[in-house]
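Structure first, then comments.
The values are calculated or read from the model by the stated rules, or taken from the named source; none is laboratory data. Keep in mind the model is a prediction, meaning the values are calculated, not measured. Glycine gets a Cβ as well: all are built from the backbone with ideal geometry, and neighbour counts include every protein chain shown. With ligands, DNA and RNA removed, areas are computed over all heavy atoms of the protein, side chains included. Shrake-Rupley method; radii C 1.70, N 1.55, O 1.52, S 1.80 Å.
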Amino acid sequence: MAEGPARIRRGLRLNSEQWWMTSLAVLLAAELLYFSLGVQGFWGGGTGMLNQTEYFLDIGIMAIGVGFVIFAGDIDLSCGAMASFVGIVMAELWKQGVEIWVAALIAVLIAALIGLIHGLIITLFRLESLLVTLASQFILGSLATAIGGGYPPYGFPHAFTSIAGTGSVGPIPAQIIIFAVIGWFSVLLVHRTAFGRSLVLLGHNRDAARYTGVNVSWTRVRAFVLSGLFAGIAGIVIAATYNSVRDDLGDSLLLPAITAVVLGGVDIFGGRGHMAGVLFATFVLGFLYQGLLIEGISQLTANMVGGGVLVVALALKIGLERRGGGLSFAHRLRARFSPGGVP
Amino acid sequence: MTTAPSPSPLLSARPAGVGQRSARRTLSRLLAMRELQLVLVTVVIFAITTAHASTFISAGNISFLLADAMAVAVIAVGQTIVVLTRGIDLSVAPILGTAALAVGFLAQNHNLTPLEGLPLALAIGAAMGLGNGFMVALAGIPPIIATLGSLAIYSGVQAIVAHSQEVVTLPPAYFNLGNGDAINGIPYLALIGAGVAIAFALILWRTRFGRSIYAVGNNAEAARRAGINVSRVTVSSYVLCGALAGLGGLIFLAHVGSADSTTGTDSNIQLTAIAATLIGGTTLTGGKGGVIGSFLAAIFLEVALAALVEFRLNPIWEPAGVGVMILLAVLADPTTGRPSLRSALRMLLQSQRART
Amino acid sequence: MSRFTRKRGLRARAASVGTLAMLALAVAAAFASTSSAHRAKAQGKIKVAIVPKLLGLPVFEANVKGANEVAPKLGIALKYTAPATASATGQVSIFNSLIAQHYNVITLSADDPTVPDSVLQKAMKAGIKVITFDSDVNPSARNFFIQDTAYNTIAQGVIQAAEKFTGPNAEIAIMSSTPDATIQLAWIKAMKAYIKTKFPHLKIVTIGYGQSIQSTSLTAAENIIHSYPNVKAILPIDGAAVVGTAQAVQALGDTGKIGVFGIGDPLPNQQYFANGSLKALFLWNEVTQGKLVMYVAKLAYENKLKAGGSFTTPLGKFTVAAKNDPVTGATRNTIIFSKPLEFTKANYKKFDF
């Protein structure tokens, strides 16, 4: 593949991923400034604003999980149903007398196990990840309804709902701390470890990864385990935040989570992007949505704005990359169309 | 990137061709055809269920099941065209809903006949599909993202069209269309659905446009070099998918008899249509499969789920049934060269050994 | 792979300009729609929000219509907002935004009985009165609940009407929304209790679930008719289930053979009353209920309501329950709105909800 045309560089030397993240950070800052100054009730002395994160950080946790899978060039459509399922399993175990934290741990481990099963089915039978996780989404939905029954348990111990849900340390909501730890861990995992390098490399080019000695199947399986694990954690956080569970409580998080991953600059075909972008995008989308609601705008309009932002951002990104020439996204798209692209 | 020559899409799509060496081989090839598999399985389910409950095979039930499956079937045909180009359309639900509402309101307030509603439903669907096509083909946004965005936007459009009103009273012509029988046991809707499926099957197999759909899905770069206007083919596939979703909206309206701001998006109709596409033998990697399989798979899903009810299975397991059927359908596809369960297990054991 | 290291300053800088353009888009959208709540505050009115389960459902539109009729007279600045789909978490986001906007009273019909509890408790802590109607939350998460009607009364109404059609020895089926829908579960319980004492030979053979979706209800009802050929009456107890069941009975040509008696609003079902596939529906007057919600909102805001007390409005006299009543279903601080109305072929045209 030919090198891109030589270019004049001025100012900061950042790569495109860093530029995208800088743009997101600027956007976030501008958004917060606008809502704080222009919308009554948004700022709330800072604490009010921080508390709004409780209503979207669960999406961020799920987005990180899906992010691992998307980095590897796969997709996981089961995350939403997984989060609902995990909440129900935890609640039912708790109702049977299991200590809540133990119940949460067991439920999250079950999610990771299901993720492992997804990964094994997908790699061993060489099935499309979209297909397998779509099927799994249906199955998990039925399981959650069956286990939850007519009256799913609610009213968890205060310590649990406080630490994993709505509590705070000083002015900082507990969820932000959880999200920061998870986010930091995931950024390190993708960009500072051998596993992360394999993950990005195989998403970038599976054959090349294989030639350089990466165990492609096992790396993909691990990505699915992480996706299941994080969807499970998201399920626990949702259960703690709302102090109840429901067989469809996590379902509506899936599409916003994928939106956050893509807006965060991760290539939907894998192999490119930065996990930190996903963290930024979570806040950009979350505050945009909450801010619009507090401004008194209907949820319907807010959803439309969210969809518009996604499409416009991607069109701009792709358009600019295309104009830049060289190994553009469009080129990758074309390359992706060739038979060798997807094993 | 590799540009390996790919087999003709026509041959790969229709494994049972001419030149068979032995009858046995022909038989095994025929059995490998997804369309035939679906027909056989559906018939077997019908036989077993009828043995359990004789009313299952009544003309009334057959007629209802066929009519009930047609909205999904028609959407699945459209979805198949997009998937054949290696795309996907996640926005068909609000397209269906918007078309159903627009036609429904005009029928309710201005006595629009179904025949007059048809071009309107198709036009609304095609226009929305055109938006998707532009985003995918011209802006270069990956299909799953582009249609995820348009899902949010079109859902808003549907709510605006609904304007907090509901379609509640339709002229009798709609009920006759949606639930009436042409012949005993064969509803009008089934004729429409079958007509659509056959027409698109012929278009895909017999026309230059149809072949270019397979070509784009198999290898867009090769198709481009062969002189196919890939952008135009891609846009057309989304327009057709949208138009068929619009037709699905009209069918839905006639069959269910009402529509509101969440029609389509509130149910699993979109995912069920994707499931029907996959069960019908069309692969997400594009270029392989066909609309007849998707059409038959929609009927198969309907019959299978009705049979579950007949066997007194709790309806909460219906989604799981769909999920299991998707997995079984792809695992039972012998034409893909996918490893068998045994060889997969062997691979697993070997990889474990390699790790230790 | 050179791609990882290549610098793309110019292009990416342009991308940042692009994201700013996105911001502009979002801001423009935000400015485009007006925010009535802001303006209301300055005028010293009571800021009340009405949050039904979702936007665009005719029964809730009827509630809002009634509420809008009386709100100006009561000095209430009313805001109508709801999730686009019947999403419990979507509703929570809305409550959160209403707290931030310092509303005085939040009235709602809950998508889930437990999910919104913590945010509603937060609202009450912030001095906001919380009033539920139609679908309740836990009593600890609201000040007052306006119950549509007593559970035993509406259950008796439906069963009596159905029994008149089927006779005392018959198989009947119920079409509900989801297995965990609170009100539907309460109604089913009340129906079963009533059957047990009054009509022990009526047999509920199955309960179908239509997920509150018309097409799903239609399929489920059709499957019931085929699987249980002896069923003489189907009782759909959810709005979408009524439409689906009546349509299924009509489509299968069973009008007259199978009676449909349900709980729902007459307007979406006019065609089924007209052609006879739907025999009777029971519901309360949704428009009047919307009015009562506003009266209660004002009285609650002025701290004039207490458990065990009563109050008079132009709609009549109402009592506030002091303790749980297992027969009517009332819990503490519940106001039972009315006796159910019966809609039949004779009177359905008189109602516009």
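Give me the residues in region B:295-309 whose solvent-accessible area, probe 1.4 Å, is reduced by at least 30 Å² once all protein chains are included instead of the chain isolated.
Residues losing area: B:309.
At the nearest 100 Å², what buried accessible area, both sides summed, do you get for B and C when the probe is 1.4 Å? Before the final figure, lay out each step's value.
Values: alone 17520 and 16960 Å², together 31860 Å².
About 2600 Å² of accessible surface is lost on pairing.
Given H placed 1.01 Å from N in the peptide plane, which residues other than close sequence neighbours of residue B:290 have an amide H under 5 Å from its amide H?
Amide H neighbours of residue B:290, under 5 Å, 5+ apart: B:282.
Express the carbon and sulfur contribution to the solvent-accessible surface of region C:38-126 as a percent, rounded to the nearest whole number, probe 1.4 angstrom.
Working: 1530 of 2800 Å².
Carbon and sulfur: 55 percent of the exposed surface of region C:38-126.
Inverting the mean 1/r over all pairs of different Cα atoms, compute the Kirkwood radius of the protein assembly as shown and quote it in Å. Please report the intermediate quantities before stating the final value.
On the way: mean 1/r = 0.0336 Å⁻¹.
Radius from the Kirkwood sum: 29.8 Å.
Would you mind listing how long region C:240-353 runs along its three principal axes, going by Cα atoms, in whole Å with the largest first?
55, 29, 20
Considering every pair of different Cα atoms, what Kirkwood radius, in Å, is found for region C:171-225?
11.8
If you line up the Cα atoms of chain B on their principal axes, what length do they span on each, largest first, in Å?
On the principal axes, chain B reaches 67, 55, 48 Å in Cα extent.
Per the Cauchy relation, a quarter of the hull surface: what is the mean projected area of the convex hull of the alpha carbons in region A:143-272, in nm²?
Numbers: hull surface 39.3 nm².
Reported value for the Cα convex hull: 9.8 nm².
Using DSSP H assignments, which helices in chain B have an axial alpha-carbon span of 30 Å or above and a mean Kyte-Doolittle hydropathy of 0.5 or higher? Provide the component values of the computation, followed by the final result.
On the way: long enough: B:59-84 (35 Å, 1.87); B:230-256 (38 Å, 1.54).
Going by DSSP H runs, the hits are B:59-84, B:230-256.
Around residue A:144, under 11 Å between beta carbons, what's the net of Lys plus Arg minus Asp minus Glu among the other residues? Write down the numbers at each step before the final one.
Numbers: positive: A:246; negative: A:92, A:247, A:248, A:251, C:180.
Net local charge, residue A:144 excluded: -4.
At 1.4 Å probe size, with no ligands or nucleic acids counted, give the accessible surface of residue C:144 in Å², nearest ten.
Roughly 20 Å² of residue C:144 is accessible to a 1.4 Å probe.
Whenever you get a sec, compute what percent of the accessible area on region C:151-283 sits on carbon and sulfur atoms (1.4 Å probe).
Whole-percent figure for carbon plus sulfur exposure: 53.
How big is Rg to Rh over region B:99-227, alpha-carbon atoms, Rh as the Kirkwood inverse-mean-distance radius?
Numbers: Rg = 18.8 Å, Rh = 17.7 Å.
Rg/Rh for region B:99-227 comes to 1.06.
Above 39 Å lies some portion of the pair distances; for chain C, what is it as a whole percent of all C-alpha pairs? Don't jump to the answer; show the numbers that get you there.
Numbers: 15560 of 62128 pairs.
It works out to 25 percent of all Cα pairs.
Return the percentage of antiparallel bridges among DSSP beta bridges fully within the protein assembly as shown, rounded to the nearest 5 %.
On the way: 16 of 53 bridges.
Taking every DSSP beta bridge within the protein assembly as shown, about 30 percent pair in antiparallel fashion.
To the nearest Å, what is the center-to-center distance of region B:244-306 and region C:121-156, using C-alpha atoms only?
After rounding, the separation between the Cα centres reads 40 Å.
Would you compute the Debye intensity of region C:151-283 from its alpha-carbon atoms alone, equal scatterers and no solvent, and pass along log10 I(q)/I(0) at q = 0.11, 0.13, 0.15, 0.19 Å⁻¹ to two decimals?
So the normalised log intensities are -0.30, -0.43, -0.59, -0.99.
Tell me the GluC sites (Glu not before Pro) within region A:25-101 that lie in a loop according to DSSP and have at most 16 other beta-carbon atoms within 10 Å.
Working: sites: A:31, A:54, A:92, A:99; in loops: A:99.
The qualifying sites are A:99.
Need one number: buried accessible surface between chains A and C, 1.4 Å probe, both sides summed, DNA, RNA and ligands left out, in Å² to 100. All intermediate terms of the calculation are to be shown ahead of the outcome.
On the way: alone 16760 and 16960 Å², together 28120 Å².
That pair hides around 5600 Å² of surface in total.
Would you list which aspartates and glutamates come within 18 Å of residue B:288, measuring only between C-alpha atoms, while excluding same-chain residues fewer than 8 positions from it?
Within the straight-line limit of under 18 Å, residue B:288 reaches these aspartates and glutamates: A:128, B:35, B:89, B:221, B:333.
When Lys and Arg each count +1 and Asp and Glu each count -1, what net charge do the other residues less than 13 Å away from residue A:220, Cβ to Cβ, add up to?
On the way: positive: A:126, A:206, A:210, A:222; negative: A:74, A:76, A:128.
Neighbourhood net charge equals +1.
Before anything else, pin down the relative contact order of chain C: Cα pairs under 8 Å, at least 6 apart, normalised by residue count, whole percent. All intermediate terms of the calculation are to be shown ahead of the outcome.
Working: 672 pairs, mean separation 59.5, N = 353.
Relative CO of chain C lands at 17 percent.
Can you show me the helix-derived [θ] at 222 nm for the protein assembly as shown, built from DSSP H runs with n ≥ 4 at -39,500 (n - 2.57) apiece and divided by the number of residues, rounded to the nearest 500. Mind showing how you got there, number by number?
Numbers: 42 runs with 633 residues, N = 1052.
The helix contribution divided over the protein assembly as shown gives -19500 deg cm²/dmol.
Could you list the square roots of 5 times each eigenvalue of the Cα gyration tensor of chain A, that is, the equivalent ellipsoid semi-axes, sorted largest first and rounded to whole Å? Let's see the in-between values first.
Values: eigenvalues 215, 149, 54 Å².
So the equivalent ellipsoid measures 33, 27, 16 Å along its semi-axes.
In region C:151-283, what is the count of Lys pairs whose alpha carbons are under 22 Å apart, counting only pairs at least 8 residues apart or on separate chains?
Step by step, the pairs that qualify in region C:151-283 add up to 23.
Measuring with a 1.4 Å probe in the full set of protein chains, what accessible area per residue, in whole Å², belongs to chain C? Spell out each step's value before the answer.
On the way: 12790 Å² over 353 residues.
Computed with neighbouring chains in place, this is 36 Å² per residue.
When the accessible area of chain A is split by element with a 1.4 Å probe, what percent falls to carbon and sulfur? Don't skip to the end; give the middle numbers.
Numbers: 7710 of 11700 Å².
Carbon plus sulfur share of accessible area: 66 percent.
Going through the DSSP H helices of chain C, which span 30 Å or more along their own axis at the Cα atoms while scoring at least 0.0 as a mean Kyte-Doolittle hydropathy? Walk me through the numbers before you get to the answer.
Values: long enough: C:9-32 (34 Å, 1.46).
Result, helices passing both filters: C:9-32.
Kindly tabulate the residues in region A:238-283 with an accessible-area decrease of at least 50 Å² between the chain alone and the assembly of all protein chains, using a probe of 1.4 Å.
A:242, A:246, A:255
Hey, what did chain B get for relative contact order, percent, Cα under 8 Å, at least 6 apart?
On the way: 596 pairs, mean separation 112.4, N = 356.
Worked out over chain B, it gives 32 percent.
Restricting to chain C, what percent of DSSP beta bridges are antiparallel, rounded to 5? Don't skip to the answer; put the middle values down first.
Numbers: 9 of 46 bridges.
Antiparallel: roughly 20 percent of the beta bridges in chain C.
Please calculate how many Å² of accessible area chain B carries per residue, with a 1.4 Å probe and no DNA, RNA or ligand atoms counted. Please report the intermediate quantities before stating the final value.
Working: 13930 Å² over 356 residues.
Solvent-accessible surface per residue comes out at 39 Å².
In Å², nearest 100, what accessible area do chains A and B bury in total when the solvent probe is 1.4 Å?
Values: alone 16760 and 17520 Å², together 29650 Å².
Chains A and B together bury roughly 4600 Å² of accessible area.
Could you give the accessible area per residue of region A:16-336, probe 1.4 Å, as a whole number in Å²?
Using a 1.4 Å probe on heavy atoms only, each residue of region A:16-336 averages 31 Å².
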